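Below is one structure; the comments refer to it alone.
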Amino acid sequence: MSMAMKILEARESRGLTQEELGEKLGVSRQAVHKWEMGTVPRRGVWGKLEVALGLPPGWVWESLSDEQRGNYPRPSTITAEIEDSETRITLSP
């Protein structure tokens, strides 16, 4: 399954609209729409996206094609919590 389809499926399974997911991540509805159409999310939201959609850490990077992975180094372990509208992220080396 493509990254785009997994994002769409995970969002819908949580009952979130594109706008609601965008608000949780601090991005626009249009950004979420682009991801669901195949654009790779910007690196700064990967961890928050994974947490918001209940995906395992590192899922976004793992979902990239080999060619795309060449543009992004493997991420550090990322843990994040989303509490209401507040997001806390801790990076571990």
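Quick rundown of the values:
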{"read-out": "Phi to ³J(HN,Hα) by Karplus 6.51 cos²θ - 1.76 cosθ + 1.60 over the range 68-74, Hz, x for Gly, Pro", "value": "5, 4, x, 8, 9, x, 4"}
{"read-out": "The range 1-69, accessible area per residue, ligands and nucleic acids excluded (1.4 Å, Å²)", "value": "54 Å²"}
{"read-out": "Separation of alpha-carbon centers, the range 11-46 and the range 48-62, rounded to whole Å", "value": "12 Å"}
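The values are calculated or read from the model by the stated rules, or taken from the named source; none is laboratory data. Predicted model only: the values in this text are computed from it and were never measured. All accessible areas refer to the heavy atoms of the entire protein, side chains included, with ligands and DNA or RNA removed. Shrake-Rupley method; radii C 1.70, N 1.55, O 1.52, S 1.80 Å.
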